[in-house]
Structure formats: C-alpha cells, structure tokens
Amino acid sequence: MKINNLTKEDVLRSLVTSESGLTEEEARNRFSEFGPNEIKEVKKTSLLMKFIKQFTHLLAILLWIGAGLAFLSEYLRPGEGMLALGLAILGVIVINAVFTFIQEYRAEKSIEKLKLLLPFYVKVIREGKEKEIHARDVVPGDLILLSEGNKIPADSRLIETIYLMVNNAPLTGESEPVPLDHNPTERELIESRNIAFAGTTVMSGSGKAIVFATGMKTEFGHIAHLTSAVEAGLSPFQKEIIKVTRIIAFFATTMGVVFLLIGQIIGRTFWDNFIFTIGLIVANVPEGLLPTVTLSLAMASQRMAKKMALIKTLTSVETLGSVTVICTDKTGTLTQNKMEVQKLWFNRKIIDSEMLKDSNADILLNIAYLCNNAKFIDGHFKGDPTEIALMKVVRDTVGDLESERISEIPFDSERKRMTTLNVINGKTFALTKGALEGILPLSSHLFINGKIVQIDENYRKEVLDEYHLLMDRGLRVLSFAYREINKQEIEMPIPESIENNMVFVGLIGLEDPPRPEVPEAIRKCHEAGIKVIMITGDGSRTAHAIAREIGLVKGDPVVIEGHEFMAMSDSELREKLSEKEILFARMTPKHKMRIVSILQEEGERVAVTGDGVNDAPALKKADIGIAMGIAGTDVAKEAADMILLDDNFATIVKAIEEGRTIFENTRKFITYIFAHGTPEAIPYILFALFKIPLPLTVMQILAIDLGTETLPALGLGIESPETTIMKQPPRPKEKGLIDKAALFKGYIFLGLISTIGVLFIYFFVLYRGGWQWGTVLPMESTLAHQASTATFLGIVIMQIGTVFACKTKSESVFKVGIFNNKLILLGILIEIILSVFIIYHPWGNKIFSTSPIPLSVWFMLIPFAILLFFAEELRKRRARASP
C-alpha cells in the first residue's frame, strides 16, 4: 500500500521507527544508505569543461585557423612577421576565453549565494528527545516536528496534526494554503492531505510527521531531475554568431582561393601566392569581433545587474530581446503573494475597505478577527495570508479584540468552513467563516441594520448575487455567520450541529493584489508585440479576473483548465495557442513544458518566468528562463538563464529593451568592423594584381583589428536605444545579425567610400615621393613604409567617420546626439594616440613597419571621413522617407 493509505501504526511499522524517533546509530546507518537530504545537480558541467568550451566555439575555431596559417607561413617564409601575427591571434583567443569564463563563473557564484530557500535546520525526535539537526542530515524514518513558519525538509507522512495549514505554492503553484490532517486517504500522493512535501511551508498550526523520502526521492527532487533531463539548446544569439562566423569564413576563404588562382594565372610563384593568400584571409577575418562581442555583452550584463537582473550566461542578454512570447506564472510573479481585504458586503450594501471606520460593521469585523488563527507577535503578523489580511484590516479599523476561545472546528475542504466557540461579554457564540456554499445553506437568519430577520428566497438570491459580483471583480470571497450558544449545548468535542440555524452577517472580498508595476509592464509588452500568456496553478476565475485587472486581457480570452488541457491533442492546443488572448489555469509542471515545446515548434522564441519548483522544467526548456531571486526556489534559479533580484515583473521589460538594444548595437559594430574589411582587402588585391608597393602589412591589419577599432566598437555596443525600439514587433526569426542589407552597408556602401579615401592617400604619398607606376619599390624603403603608413592612417581616420555614421540604425545622428557617447569619444582619442605611437615612435615604426608622415596627410583625410558620415545620413533619410 501507498504511504498515504496507511494508518499511523502501519506508517511507523513500515518505516521501522517509533514515536520516540530513531536512535542515533540507526540514523547514521540510514544516512550512509540514503545519503544527504540534498537536491543534486545532475549533469552539471565541470569548471574545466566550461573553460574548454570557450576555445571551441566556431568564432574561436576560425581564429585558431588564422593563427595556424600564420605559423605555417612563418615556417615556409621566416622573417616576414607572421610569427608575431600568430602569437597575437592566440593571445586574443586566450584573453577572450578567460574573460568570458570569469564573467560566467562570477554569475554562477552569485547564484550560489541565493541558495537559501531549503531549510537549514529542523526539529526532530531521536531516542525520545527533541533536538535540532541540519536539514541535510534528515533521513527516512525521522520523526520531525512541524510548527508555524517551518519549511518542510523532506516528504513526510503526518501522524499528528493540530489545525495544520501549509503553503504548497513552491511545488504546485497554488496560492491558497492547504489544510492537512493525519488520517489515511485513498487519494493520489500529490493530492493527499496527510503528506507534507519538501520545500513547502507551514502557515499555521502544528504537527508531527515521519519522513519517508529525502533528497532526489522527494517530489521536489523528481521535478529537479525532470529539469536536468531537459536539453538546453543554443540561444538565438549564439546561432547568430555562428552564422556571422560562417559568412566571414566563407568570404575570407573564397577571396583567398580566387586570388590564389589569379596569382597563378598572372605568373606569380606558388609560395608568393600562398603567403599573399594567407595575408588576404587574415585581412578578411576580423580578429577584434570576438573580444568586442564578449566585452559588449559583459558590459550589458553589468548594466542589467544594476537594474536588478542577474544574467547567468552572456548570450542570454541579447536573446531576451528576441522573445515573442512570455509565459508567466501568476502567484508571486504578477501578484504580490499576499492577501488584502478590498470589499465588504454588510447591511445589504458593498463597502470599500477604506470606508470601514464609518461602516458600523463591528459584528462582521468581530467574527473575522476572532474566528481566526493568525497572530501578531513582536510587530509581525504570522499565519495564513488570508487570515493575516482579515486580522490586519480589523486591527487597523477597531484595534485588538479580546475573547476567550473555548474550542474550534478546523477548516476542512469538504465542509469549506471553520468555526470557533468564543465567550464574548459573558455570552458564548459560535463564530463561522468560510465559502458561501458552506455557510449560506446552514443560515436561517440574516443580520440587517442591527436586526435579525428570517432569510427568504429573495434575501438568499440577493446574497448570491452580491457574492458573484465580488467574485467577478477577482476577489476571493469569504462568508461570515454566528449563533449564540446555550451552555447546555456545549460539549467536547464540539458537534457540527452548533453550526445549524446560523445568523448570516456578511461577505468579505480579498485580493492577492497585482504588483503595482505589472500593468505598465504588460502594456509595454503588448506595445512591443510580445504576447503574454498566464500559466497558473490557480483556478480559472481568479486567473481571468487578475488578467483583466492588469490589462493582460481586454476581450473574451480563451481560458483552459488543466483537465481540459490534458484532453487536448497537440493540433488542438496549437490552434488555441494561436488565439490573441489565452490563459491557462490549474496547470502542472508537465503542462507548462508541453506549452513551451509547442510554442517553440511554431517558431516562437519563448521566455518563461516563475519562482517555484513547478516552473523549473519549463524555465530550462524555454529560450530564456527567468527566475525570481527573492521568492524563487533553488531549482528554479538553477534552471533559469536570468534571475530577477527584485522579483519585479517590470524588470523583464527593461531586460527585453536591453536585449533588443544589444542586438541592434551588435549589428552596428559588426557593420562598423566589416566596413574596414574592404579598405584592408582591396589594397592587398591591387598589390597582387598590379605589383604596386605593399599597401598594408599584416601587422598593421592586426593593429587595426585588435587595436584602433576595438574601443569605438565597444562604444557602439553601449549606444542608447533608439526611441522606437520598444514600439516595434520582435524581429522575425529569419532576420539575423547579418543579412544582405547589413553586408551591403558594411562591405559595399561604407566600405567602398572608406576605400576611396584610403587609396587616395596611399597613391598621393607614393606620387609625392617620386614613385612612378610600374616602378618596383623595395619593401624596406622609406617611401614604401610611408605609403603603407598612409594606408593605415587612412583606415583609422575613416573609422572615425564610420563610428559616428553607425551610431543609429534609422534615426538621424543629429537627433540622438553626436557627442553623447563618452566611450566612443574615448575610443577615438585612444585610437589617435595609438596611431601616433605606431607612426611616430621608433618602437611603433619597428614593430609595424611604419614611417613618419607629414601632418598634412591627416588633414587631407578628414574630408573623406565627413563625406562618409553625410552619405550615411542621406541614406538613412531616404530610408525613413520610403514606405
């Protein structure tokens, strides 16, 4: 038989324990057999493997190939600077890997500090004595003591209860506290009222229980294992970086092969051609792209941390910006997970909670206060959230009330009410609160304006209508009644017969209020074209009312409850998910997983928010899993990609805006980097075809790719979002970082304008130095060095024009501000200083094969940079004007 079917004696017998608890020796033996009471992290990647992965992604592999070619070239033709190039590229790979690893390691350590949810210590009885032990030391067969505020350390079978209420929200998602008892039941284990589950919390009452499952054997552990079995795929941003890398690799390799063949045709030697091909490939591989992307994402994650969002992996920053659907839990995510009294119905009228002091509803407030197990101790309320809300509103209105409680009939889900026997001013009363269907049928009279009148069908209908009116406002509605008891009726235990012929007093409507920032956050999501789906363990009526209050639904949404969901085929569910407004109620973790999977199959990019164990599998399956940092469970945080440190739903909107901004800014700096590939490659090609002096050395290319362009590119990476970024729908899935428009803008439009300026200054310096077309110029001559220096400087100056041109996607740079990005200005200053060092310092001349050039060359390049900037402004203006 199942543990929940057994009697108390059978439970003790089956777990080989007693009401005196285990002996210490037996506890040690069971600890050895069953292990610590901990949730194990299955399939966790080791730190070493995480570090190695930083060297094996596609962009890193492309750089490995570049370094290998450089070393091969050095081996075949020593002394041409290829060794330094290879070592420099290796340095880029290593530095980037270390930086990324440290960033993600720090995020992981921050998460470990948040792992404080499972109880650390628990009271047990061993060898007949009460003692406190660490939760990890609890073993099957331990007799644990439960009291208000305790977190339950392991799945346990109750053997004794006194008005015990628990909050199962971390496990099931249901916000309402559940009453537990110790009687055998034939229900399924998860629905049993005699089982206290690991990770849940005692809201009120007390009890004793025998542990029957610990660690991964608990329901908590089963869900954690389910989470670990979910494979997390590559993020959309990772896929985009791979795509960009493939484009770069294809372009560089194609250029190399084509010009290798051309070199053979025009009669160059094989080895000259081979060295040239390597140089051309290196020129087309933007070595600075990888560190720039990494640094940009790291800076974004640090900005988000200041906005209370902890990013576990760098690529998750951008992925947030691509989501099309957010699946969110209700309790604790959209709502505050605390009840508040909103409305009362008394004396046949509805009263706002703010107007209670003038309502003369003392009799209703008395019942709400006295038929209540919440407590106010040391300035804090303790107990069930609903009862706390009732006590709080009464204390705020009339203060504390005194009464002797004789006894109590506890709340029961079948009876749907609780009753206390209280002595008030020398008279004894039965005070009852609960669901309307549990109290109205027992009421024979109604309290109206200080009088007690017989309830007829008209009064009964009026009560029902007012009840439904409050329910339709999304309130949880409780009914209140009383009856004066004669002394001869009092006997122990209290018979339920004292609940007959009650005087019905009124209704109180309570609400788990939405977080105040949620309606605005939902509005922004809708404005940004993001669909928000509520998936909750609560009932459909509550879900619908809250959804309407926060603006999640405006029309008549599709509402699907768990039992309906289970009966649906995948095709039926797909059809329902295509509806504009849809809510899911009475859901389980398995249900959430199915919803996320089908949405992803339909091409949606899905973010899932949640805080409970029940959310963890879906959090991991989603493109972006978002866990709550304060209320979130350990398993949820482990599964998530991002953690909201303030549990604020509005932070998600800020994160989405940051993600969209990162994508657009990444496109900007990739375009900026690509724009310099053209003026690096074309002079190289001209050198091969027409035997002109070498326009640019490989070390100078490296100085550009890793030196002068990096900081300005980073500046573009932190550019402020354009005003329309959250007023447009999510980008289509097929729209990547690089498309035909981006390639045209980078390589062709901006690249060719830059090339014109670069070639002009290159030939100007050559001709001014006396060079004639066709004349062979020794590579070590001063004029050859000055010409390549002019090419290098030309690319640097054109970079300055390009970085300003790339500040915006479609808006005019004059509108957002030319000089408002301090990092771009700092980057320009540093690249000028670096250029001065390379051009005019003897060390720079020696390392990069440069030679000093007149200051006039600098000024001659400025008009070309200005031309490039205004050409891009004109292109954006035409784009804005086109429909």
(request) Return the pairs, sorted by first residue and then second, in which the second residue is open to solvent by 80 Å² or more (accessible area, probe 1.4 Å), the first residue lies in region 454-483 and is under 25 Å from residue 550 (Cα atoms), the beta carbons are less than 6 Å apart, and the residues are 6+ apart or on different chains. (result) 474/549
(request) Could you grab me the full set of residues in region 576-603 that are among the acidic types (Asp, Glu) and buried (at least 20 other Cβ atoms within 10 Å of the Cβ)? (result) none
(message) Looking at (1) of a type in the set (Gly, Ala, Ser); (2) within 20 Å of residue 608 (Cβ to Cβ); (3) touching a residue at least 40 places away in the same chain (Cβ under 8 Å), which one does residue 562 not meet, given that it meets all the others?
(response) (3)
(message) Here is a list: 704, 673. Which entry is touching a helix residue (DSSP H, G or I) at 6+ places or on another chain (Cβ under 8 Å) and within 25 Å of residue 780 (Cβ to Cβ)?
(response) 704
(message) So in region 130-143, with the set limited to residues that are in a strand (DSSP E or B) and more than 36 Å from the chain's Cα centre (by Cα), which one is modelled with the highest pLDDT?
(response) 143
(request) Among the residues of region 463-483, write down those that are open to solvent by 40 Å² or more (accessible area, probe 1.4 Å) and modelled with pLDDT of 90 or more. (result) 464, 465, 466, 483
(message) On the basis of being at pLDDT below 70, surrounded by fewer than 19 Cβ atoms within 10 Å (Cβ to Cβ) and of a type outside the set (A, V, I, L, M, F, W, C), does residue 264 make the cut?
(response) no
(request) With a cut-off of at least 2 residues that are at pLDDT 75 or above and of a type in the set (Gly, Ala, Ser), name the helices (runs of 4 or more DSSP H) lying wholly within region 12-81. (result) 24-34, 58-76
(request) Working carefully through the options 127, 104, find the one that is crowded, with 17+ Cβ neighbours inside 10 Å and either at pLDDT 90 or above or charged (D, E, K, R) (or both). (result) 104
(request) Hey, can you tell me all the residues within region 173-195 that are modelled with pLDDT of 85 or more, of a type outside the set (Ser, Thr, Tyr) and touching a helix residue (DSSP H, G or I) at 6+ places or on another chain (Cβ under 6 Å)? (result) 184, 194, 195
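Residue by residue, here is whether (1) out of contact with any strand residue (DSSP E or B) (no Cβ under 9 Å at 6 or more places or on another chain); (2) surrounded by fewer than 24 Cβ atoms within 10 Å (Cβ to Cβ); (3) touching a residue at least 24 places away in the same chain (Cβ under 8 Å) holds:
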{"position": "627", "(1), (2), (3)": "no, no, no"}
{"position": "639", "(1), (2), (3)": "no, no, yes"}
{"position": "673", "(1), (2), (3)": "yes, no, yes"}
{"position": "698", "(1), (2), (3)": "yes, no, yes"}
{"position": "709", "(1), (2), (3)": "yes, no, yes"}
{"position": "727", "(1), (2), (3)": "yes, yes, yes"}
(request) Filter region 546-572 for residues that are surrounded by fewer than 19 Cβ atoms within 10 Å (Cβ to Cβ), assigned to a helix (DSSP H, G or I) and modelled with pLDDT of 85 or more and give the result. (result) 548, 549, 564, 566, 567, 570, 571, 572
(request) Go through (1) at pLDDT 65 or above; (2) farther than 27 Å from residue 47 by Cβ; (3) aliphatic (A, V, I, L, M) and name the single condition residue 283 misses. (result) (1)
(message) Name the single residue that is most open to solvent (accessible area, probe 1.4 Å) among those in region 154-164 being closer than 11 Å to residue 196 by Cβ and at pLDDT below 90.
(response) 161
(message) Please verify whether residue 521 is over 25 Å from the mean Cα position of the chain (by Cα) and on the phi < 0 side of the Ramachandran plot, treating the condition exactly as stated.
(response) no
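The values are calculated or read from the model by the stated rules, or taken from the named source; none is laboratory data. These numbers come from a predicted model, not from an experiment. For neighbour counting, all protein chains shown are included, and Cβ atoms are generated from backbone atoms with ideal geometry for every residue, glycine included. Quick note on the areas: whole protein, heavy atoms, side chains included, nothing else; ligands and nucleic acids left out. Shrake-Rupley method; radii C 1.70, N 1.55, O 1.52, S 1.80 Å.
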